[in-house]
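Okay, structure first, notes after.
The values are calculated or read from the model by the stated rules, or taken from the named source; none is laboratory data. Owing to the predicted nature of the structure, the values given are computational and were not obtained by experimental measurement. Heads up, the Cβs are rebuilt from the backbone with ideal geometry, glycines too, and the neighbour counts pull from every protein chain shown.
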Amino acid sequence: MKFKIYRYNPETDKKPYVQDYELDKVEPGTMLLAALLRIKDEQDQTLSFRRSCGEGVCGSDGMNINGTNGLACVTSLDSLKQPVEIRPLPGLPVIRDLIIDMEQFYKQYRAVKPYLVVNDPMPEVELLQTPEQREKLDGLYECVLCACCSTSCPSFWWNPDKFLGPAALLQASRFIEDSRDQDFEKRLEDLEGPFKLFRCHTIMNCVNVCPKGLNPTKAIGRIKNKMVSRSL
Amino acid sequence: MSESNRQPIERRQFDTLIIGAGGGGLRASLQLAEADLSVAVVSKVFPTRSHTVAAQGGMNAALANVGPDNWHWHMFDTVKGSDYLGDQDAIEYMCRTAPKAVYELEHFGVPFSRLDNGKIYQRAFGGQSQNFGGDQAARTCAAADRTGHAILHSLYQQNIRAKTHFFDEYFAVDLLQGDEGQVLGALVFNINDGSIIVIEARTTLIATGGAGQIFKTTTNALINTGDGMGMAMRAGIPLQDMEFYQFHPTGIAGRGMLITEGARGEGGYLVNADGERMMERYAPKAKDLASRDVVSRAIAIEVREGRGCGPKKDHVMLKLDHLGEEVIQKRLPGIRQTCITFLGIDPAEAPIPVFPTAHYTMGGIPTNRHGQVVVPVKDTPEEPVAGLYAAGECACVSVHGGNRLGGNSLLDILVFGRAAANHIIEYLKENKYHQQIDDAAINKVVDKVRRYDKPGTGKETVAGLRDELKQVMEEHCSVFRNKEILNQGVDKIERLAERMKDLSIDDQSYTFNTAKVEAFELENLMAVALATIHSANAREESRGAHSRTDFTERDDIAWMRHSLYSFENGLDYKPVRTKPISVESFPPKPRVY
């Protein structure tokens with residue numbers, strides 16, 4: 001099995017280059033992460049990438065695989081055309097090889113105040129929420145912050161500091177939809193203006209790449225609807 | 001980038017240093033940040049990548065939202081589940097505090113699943129009963145089968161609100177100590193650029209999680225390398241009860257991905273090659289919801305006796321399809337996706353091949369119920385180490401004893417992360433000033449980090465030694481053990497540890513050098529493996545997850561005591577704290593489910 005992998009080490013390389021690797025005896029059903037780990041262990045310790053849980057829950061190993069963003073640990077090699085071309089997630093600075101600097105992404109996440117706000121005194125037990133109210137959070141709370149969506153979004157590439165991006169907006173929606181949250185008005189107000197939310201042009205790349213099957217475009221649409229009905 | 005390494009070593013001062021940003025670390029940091037203390041959280045990965053994120057089934061608390069329940073029943077189940085090795089003061093504290101810990105999480109925003117009346121959904125889990133061993137209890141609070149994800153993200157979010165200071169992608173190498181063993185902080189390096197920082201702290205909390213990577217097949221993430229346990233051992237602190245390692249009954253066979261016990265809690269069950277519902281023979285009453293050690297042994301026996309499934313007869317099947325697609329999608333969406341991704345099997349249509357898989361470190365850094373790290377000093381078995389705390393899977397408080405109940409792990413990290421923080425707040429009032437850290441102590445660790453700046457001459461590789469270690473532990477320290485297998489295992493691990501001095505790496509960069517991180521992780525894995533196999537070899541009885549085929553019975557007279565293993569003294573023992581805080585002690589009884 002053949003791989004072409006983006007390499008860059010700022011200490012030694014003037015510019016990035018592509019390195020070829022080859023693995024034999026790759027069993028069917030092997031995930032890309034397992035192949036990368038084998039390359040690192042058997043051939044080249046300097047190949048650098050993030051990884052942890054190996055089952056698509058921690059969100060560490062987002063990368064661009066044959067032109068599409070995805071998590072290496074849940075991408076089966078069987079599904080990939082050879083040679084497999086692997087690059088870092090696009091649109092954010094590269095630290096080394098497949099490792100990007102995610103600070104801008106995290107900054108936008110923090111910007112939506114991604115935490116429950118309750119102003120009333122808390123009861124001594126749980127806040128009540130019906131199963132129907134809770135169901136509104138399905139498809140929103142499962143995000144693993146892998147950045148596959150935001151780094152596939154042209155609007156985010158062009159304005160990563162002004163457009164919040166699909167991941168942060170999905171998170172905004174997660175709190176706007178939460179029946180327990182008491183910051184509804186403020187949350188909508190904060191998203192006004194031409195950039196933060198409205199730079200989404202429903203290109204839908206985010207939906208196509210999300211490894212958790214989430215739909216940020218739909219979430220953004222829900223926020224827009226709420227803004228409209230609020231202004232009426 | 002290498003410029004920064006020529007600069008003098010930076011020193012930062014905080015009231016508290018927390019190493020690890022999983023549920024335990026983040027619960028503690030939140031408590032401390034809200035008490036207006038300065039807290040540094042050092043994590044080798046971005047916080048939401050920590051392994052708490054992978055916890056599925058839920059968190060136990062006697063809320064009685066589904067049926068009658070109370071904390072005392074929960075305490076009984078936990079003591080029994082521990083095979084009477086758990087410390088009953090800590091267990092009482094945990095079970096009493098559990099409801100409060102869950103309500104707090106709910107207030108932090110955790111999206112728990114809900115019952116029709118709006119209260120938190122609770123499901124049945126293994127080893128839980130009403131009325132001290134009666135009917136099955138439903139005590140496990142769940143957010144579908146993504147409870148760990150929901151909790152970790154909510155805690156991180158609350159820490160954003162509280163403005164906790166994070167050192168993301170920094171690796172803690174070693175604790176820094178004063179002359180009397182007191183802990184004064186730690187030396188860490190920035191993975192991003194290789195720069196070294198000394199973090200001076202009046203209190204240090206280790207919350208680095210478990211060490212499942214000592215085994216070949218494991219549900220654990222690659223980051224679960226027992227870093228805090230290794231650090232503690234190098235600081236002269238023994239590890240407690242390391243022979244008690246939990247094998248989860250339902251890892252995906254051969255692959256290791258976890259299938260939550262909640263799958264059986266929702267009504268799933270195990271079948272052997274004959275299609276027989278096998279657990280009825282091993283646990284007539286609790287059946288598939290017996291304790292994990294019991295179910296894991298049952299599966300291993302079925303396979304050993306030729307009733308395994310598949311062409312190699314090397315696993316059994318977990319059947320869920322009778323639950324119907326709706327229940328599976330609503331309550332178990334995560335494991336459904338995992339099965340489809342890794343097996344091409346939809347559990348709504350076909351059974352899942354499963355086998356016991358390394359899952360949880362019951363042992364760890366010994367602490368009392370306030371999270372203080374305690375060591376034997378002369379005649380005192382549990383003397384606090386000044387300035388040092390531990391909580392969660394890296395710690396041994398010990399609420400799990402010989403076998404942890406499902407749903408008690410998330411509970412442990414939250415209750416004792418919080419308890420440790422509360423004790424730290426008091427401790428800091430009495431200990432107002434930072435102590436000077438000796439240059440010699442710092443330089444020793446700096447040299448260790450710098451060792452990898454130049455190419456080494458040793459012929460051993462990280463991957464080579466690590467793969468051997470995992471293979472040896474898998475073969476010699478698994479579900480069933482005996483003297484011969486363990487003796488060989490001890491020899492093999494000792495020889496591997498010897499070879500560590502010939503370790504070198506091919507990557508000398510300062511920039512995001514993951515080869516260097518893996519070398520330090522291997523040092524920690526080796527320490528944990530040594531402690532585990534030595535402790536297992538010495539314990540000549542069967543208790544909880546430690547099953548000896550040559551000593552098949554529990555021996556309360558000789559062995560109802562905690563093991564302690566240290567580099568300096570080898571094995572030592574201390575008594576179990578059998579006296580609870582306010583209720584009567586649960587005396588040891590035969591353990592049947």
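Structure summary
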{"quantity": "Exclusive hit being part of a loop (DSSP other than H, G, I, E, B) and touching a helix residue (DSSP H, G or I) at 6+ places or on another chain (Cβ under 9 Å), set B:Gly148, B:Gly194, B:Gly127", "calculated": "B:Gly194"}
{"quantity": "Residue match in segment A:55-66 (condition: of a type in the set (S, T, N, Q) and buried (at least 24 other Cβ atoms within 10 Å of the Cβ))", "calculated": "yes"}
{"quantity": "Check on B:Phe125, crowded, with 21+ Cβ neighbours inside 10 Å, aromatic (Phe, Trp, Tyr) and at the interface with another protein chain (Cβ under 9 Å from one of its Cβ atoms)", "calculated": "no"}
{"quantity": "Lone qualifier among B:Ala390, B:Ala358 - being under 25 Å from B:Ala124 (Cα atoms) and either free of Cβ contacts under 8 Å to residues at least 40 places away in the same chain or among the small types (Gly, Ala, Ser) (or both)", "calculated": "B:Ala358"}
{"quantity": "Residue within segment B:156-171 that is in the same structural domain as B:Gly371 (by TED's automatic domain parsing), of a type in the set (Asp, Glu) and either touching a Gly at 6+ places or on another chain (Cβ under 7 Å) or without any contact (Cβ under 8 Å) to a residue 24 or more places away in the chain (or both) present", "calculated": "no"}
{"quantity": "Residue match in segment B:309-319 (condition: part of a helix (DSSP H, G or I) and either of a type in the set (A, V, I, L, M, F, W, C) or within 14 Å of chain A (Cβ to nearest Cβ) (or both))", "calculated": "no"}
{"quantity": "Count of residues meeting criterion [of a type in the set (S, T, N, Q) and either within 14 Å of chain A (Cβ to nearest Cβ) or on the phi > 0 side of the Ramachandran plot (or both)] in segment B:476-524", "calculated": "6"}
{"quantity": "Residue match in segment B:151-161 (condition: out of contact with any helix residue (DSSP H, G or I) (no Cβ under 8 Å at 6 or more places or on another chain), more than 10 Å from every other protein chain (Cβ to nearest Cβ), at pLDDT 95 or above and on the phi < 0 side of the Ramachandran plot)", "calculated": "no"}
{"quantity": "Test set (1) surrounded by fewer than 24 Cβ atoms within 10 Å (Cβ to Cβ); (2) among the aromatic types (Phe, Trp, Tyr); (3) in a loop (DSSP other than H, G, I, E, B); (4) touching a helix residue (DSSP H, G or I) at 6+ places or on another chain (Cβ under 7 Å) - A:Phe195 fails condition number", "calculated": "(4)"}
{"quantity": "Answer residue from segment B:108-122, given it is in contact with a strand residue (DSSP E or B) (Cβ under 8 Å, 6 or more places away or on another chain) and facing chain A (nearest Cβ under 7 Å) and is surrounded by the most Cβ atoms within 10 Å (Cβ to Cβ) among those", "calculated": "B:Ile120"}
{"quantity": "One residue from B:Glu553, B:Glu494, B:Glu498 being under 28 Å from B:Val373 (Cβ atoms), over 23 Å from the mean Cα position of the chain (by Cα) and surrounded by fewer than 19 Cβ atoms within 10 Å (Cβ to Cβ)", "calculated": "B:Glu494"}
{"quantity": "Segment A:16-62: number of residues that are over 27 Å from B:Ile259 (Cβ atoms), more than 14 Å from chain B (Cβ to nearest Cβ) and either among the β-branched types (Val, Ile, Thr) or in contact with a helix residue (DSSP H, G or I) (Cβ under 7 Å, 6 or more places away or on another chain) (or both)", "calculated": "3"}
{"quantity": "Matching residues, segment A:80-108, being within 27 Å of A:Asp24 (Cα to Cα) and within 11 Å of another protein chain (Cβ to nearest Cβ)", "calculated": "A:Arg96, A:Asp97, A:Leu98, A:Ile99"}
{"quantity": "Condition check for A:Asp190: more than 27 Å from A:Gly56 (Cα to Cα) and either at pLDDT below 95 or surrounded by fewer than 17 Cβ atoms within 10 Å (Cβ to Cβ) (or both)", "calculated": "yes"}
{"quantity": "Matching residues in segment B:494-546 - criterion: being closer than 18 Å to B:Gln471 by Cβ and among the charged types (D, E, K, R)", "calculated": "B:Glu494, B:Arg495, B:Glu498, B:Arg499, B:Glu518, B:Glu521"}
{"quantity": "Filter result for B:Ser291 (hydroxyl-bearing (Ser, Thr, Tyr), closer than 30 Å to B:Tyr573 by Cβ and either surrounded by fewer than 24 Cβ atoms within 10 Å (Cβ to Cβ) or touching a Pro at 6+ places or on another chain (Cβ under 9 Å) (or both))", "calculated": "no"}
{"quantity": "Residue in segment B:60-83 that is over 14 Å from B:Ala137 (Cβ atoms), among the hydrophobic types (A, V, I, L, M, F, W, C) and either touching a strand residue (DSSP E or B) at 6+ places or on another chain (Cβ under 9 Å) or surrounded by fewer than 24 Cβ atoms within 10 Å (Cβ to Cβ) (or both) present", "calculated": "no"}
{"quantity": "Residue selected from segment A:125-148 under the condition more than 7 Å from every other protein chain (Cβ to nearest Cβ) and without any contact (Cβ under 8 Å) to a residue 60 or more places away in the chain, by the criterion farthest from the chain's Cα centre (by Cα)", "calculated": "A:Glu132"}
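Matching residues to (1) away from chain A (no Cβ under 11 Å); (2) more than 21 Å from B:Asn220 (Cβ to Cβ); (3) assigned to a loop (DSSP other than H, G, I, E, B):
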{"site": "B:Pro8", "(1), (2), (3)": "yes, yes, yes"}
{"site": "B:Arg11", "(1), (2), (3)": "yes, yes, no"}
{"site": "B:Ala28", "(1), (2), (3)": "yes, yes, no"}
{"site": "B:Leu37", "(1), (2), (3)": "yes, yes, yes"}
{"site": "B:Val45", "(1), (2), (3)": "no, no, yes"}
{"site": "B:Gly57", "(1), (2), (3)": "yes, no, yes"}
{"site": "B:Ala62", "(1), (2), (3)": "yes, yes, yes"}
{"site": "B:Gly67", "(1), (2), (3)": "yes, yes, yes"}
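Here's the yes/no breakdown for (1) buried (at least 21 other Cβ atoms within 10 Å of the Cβ); (2) out of contact with any Ser or Thr (no Cβ under 8 Å at 6 or more places or on another chain):
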site: B:Phe416; (1), (2): yes, no
site: B:Leu428; (1), (2): no, no
site: B:Asp467; (1), (2): no, yes
site: B:Met473; (1), (2): yes, no
